Amino acid sequence: MLNRKGSFLLLLYAIGLFIAFISLYAIAMDPDNRINAFRSDFGQFQSSIGESYFNAEIDLFSSDQLVKYEIYRVTNEFGESGGFAKDSLCEKKDGFIVWDFKDCNPDLEANYVELFKRNFEGEIKDLELNNSYLTGELDELKYEKEGETFEINYKIHNKIRQDVFLDVNFLNELKSRVQSCLERKQNLKDCVGVEFTEKDGYAFFTIENDKNGLMILEGEVIIKKPVFRFAVKND
């Protein structure tokens, strides 16, 4: 059993611990305490960084989907119109644009880019079509936020690189081949190496791509392989 002196010392020890605990608790609960203030600011900083990163990922994904959706529409119009817009003034035969290799001789890459710019609601810098991929850069994404002890200024480039679902290199080669055959007055069947149909002195080409795309036909969205169609006089 403890004597009176031991009991008294134990009581003093307990009181001291209690006072120390109360003091530490008060410090811990004081928002103006430097340690607590640092923890609070650091927590806000971490939260703001995570929020900025999340918003950037959402915005990048949204931009990617907008560009991809417009590519579906442009590829459909471009392919169905023989490398032109649907309102082209070129001669048409049975719904096919007729290439004459003079007034209606499409620059496929340039025409696709211009058609995309016409339809896309927004500006894309350095827009190019190379090897069947559309590349460019949308406006830079910026995320800014200020706290009491921190400032976030986050910028990210918004570059695009999307497949247009057409083998543009092959189409350019075919265009050159057809033009060369006609200029040499060779029989197209023996010259171009691509199947086509003949009717009323015209050759009709329908080139089906081997990639499925989300095509938009007269307001209806369907999954199909895009086609590229054109015709030439074959007297």
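Go through the stretch 88-138 residue by residue and tally those that are among the hydrophobic types (A, V, I, L, M, F, W, C), assigned to a strand (DSSP E or B) and over 20 Å from Phe205 (Cβ atoms).
Qualifying residue count, the stretch 88-138: 4.
Might you check whether a residue that is at pLDDT 90 or above, over 19 Å from Pro226 (Cβ atoms) and in a loop (DSSP other than H, G, I, E, B) occurs anywhere in the stretch 28-46? Show your work before the answer.
First, the residues of the stretch 28-46 that are at pLDDT 90 or above: none.
No.
Limited to the stretch 182-235, what total is found for residues that are at pLDDT 85 or above, among the aliphatic types (A, V, I, L, M) and within 28 Å of the chain's Cα centre (by Cα)?
2
Suppose we keep only residues that are in contact (Cβ under 8 Å) with a residue 40 or more places away in the chain and either of a type in the set (Lys, Arg) or touching a strand residue (DSSP E or B) at 6+ places or on another chain (Cβ under 8 Å) (or both) within the stretch 109-123. Which one would you say is nearest to Ser81 (Cα to Cα)?
Tyr112
Just the residues that are crowded, with 17+ Cβ neighbours inside 10 Å, part of a helix (DSSP H, G or I) and of a type in the set (S, T, N, Q), please, taken from the stretch 55-82.
Ser63, Thr75, Asn76
The values are calculated or read from the model by the stated rules, or taken from the named source; none is laboratory data. No experiment lies behind these values; they were computed from the predicted model shown. Glycine gets a Cβ as well: all are built from the backbone with ideal geometry, and neighbour counts include every protein chain shown.
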